[in-house]
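First up is the structure itself, then whatever we jot down about it.
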Amino acid sequence: MGKILSEPVLLKRLAGTIALQFTVYIVYGNSLVFLTFHLLNQYGLIELFQLDMVKLRRFLVLVQEDYHNQNPYHNAVHAADVTQAMHCYLREPKLAQSLTSFDILLGLLAAATHDLDHPGVNQPFLIKTNHYLAALYRNTSVLENHHWRSAVGLLRETELFSHLPVEDSLSIERQLGSLILATDISRQNEYLSRFRTHLDENDLCLGHASHRHFVLQMALKCADICNPCRPWELSKQWSEKVTEEFFHQGDIEKKHKLEISPLCDSEANTIASVQIGFMTYVVEPLFAEWARFSDTRLSQTMLGHLGLNKASWSALEPEASGSSEEGESEPGRATEEPSSRALSQGSQES
Ligand SMILES: [Zn+2]
């Protein structure tokens, strides 16, 4: 997928192409607003869907502001990162030749909003602290439901799609939900086995809207957890950020004498051990199937980085490398039965 575009680079590329209304946001700290607008513009979606520039700007600014910048990982930069990755996957030949403009609009909006208002703690934490969101969503995909409903709230507040027929805007809201809910890593096996079955039977027909939607779900899942597939220097920084967020949750649990969640105890885990488990049981199985679906240079590069990054973490933590070797020797088993430890981590990292 290449490298993440830095804002100065984006600035250069956008010079002269971005609308006046957005120039005020061409400063550091507005990656999500800037990138999402740029992509919507580049795909011709603003013109095609006749999006009002003032409403769009307001929507994107509100989306960015609804992310918690104090979260080390689940903040607006993660959302921008996922949106950038999603764009790369949408450009893969198999998708690029099949997707409609509506699919691309949904894919980009889902990526930008997929962790909206993330509190920086995971679902088990919300459940054990009797958080109102856990009650509201009946302990099921609590965070993902909240991200989706928050996105819908902002769409309605800004009236971004109010010029479209009601059934179209309702369809956007519904499909946005279906995409965001797919990022619940505790349901990864469900999506992965369906993907694998389609690939085994070679029956994915991207002329069918439902099949395109399923592939978009898989693309968003990949975009969400692709950090281990990026070059080491980038990947390492994301790993440090996500582990900082886990350990922060563990510190809160310790302070309030709650049971410390798996992977959140800074005394019992290291960044390396957390990453090796996550890569082995969650990331590798997903990207192996993605590479079967889209066997391109990008997919092979991502798998290459993944292997190298795992080896780098193993070198830093030799005692944790046993789990790595086990995962490599029995990828099938690892895929069928990911440990609760890995799923627990994934539920936070997504
Ligand atoms: Zn995410």
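The values are calculated or read from the model by the stated rules, or taken from the named source; none is laboratory data. What you are looking at is a predicted structure, and each value in this text was computed from that prediction instead of being measured. Neighbour counts run over all protein chains shown; Cβ positions are idealised from the backbone, glycine included. Calculation scope for accessible area: heavy atoms of the full protein, side chains included, ligands and nucleic acids excluded. Shrake-Rupley method; radii C 1.70, N 1.55, O 1.52, S 1.80 Å.
Extents of the stretch 1-224, taken as max minus min of Cα coordinates on every principal axis and listed largest first, are 46, 45, 39 Å.
Pairs spanning more than 21 Å between alpha-carbon atoms, out of K128/K255; K221/K241; K236/K257; K94/K221; K241/K310; K128/K254: K236/K257.
Between the stretch 72-132 and the stretch 241-281, the alpha-carbon centres lie 23 Å apart. Average accessible surface for the stretch 1-224: 43 Å² per residue, computed with a 1.4 Å probe over protein heavy atoms with every protein chain in place.
Give me the net charge for the shell around V82: Cβ to Cβ below 11 angstrom, other residues only, Lys and Arg +1, Asp and Glu -1.
In short, -2.
Summary of packing: across the peptides 301-312, 275-286, the per-residue average of other C-beta atoms within 10 Å ranks them, highest first, as 275-286, 301-312. Applying 1/(1 + (r/R0)^6) with r as the Cβ-Cβ distance of M53 and K128 and R0 = 41 angstrom yields a FRET efficiency of 0.40.
Our coupling estimate for the stretch 187-199, obtained by passing each phi through the Karplus curve with A = 6.51, B = -1.76, C = 1.60 and θ = phi - 60°, is 9, 4, 4, 4, 5, 5, 6, 5, 4, 5, 4, 4, 5 Hz, Gly and Pro reported as x.
Among I127, I180, the sequence by solvent-accessible area, most first, with a 1.4 Å probe is I127, I180.
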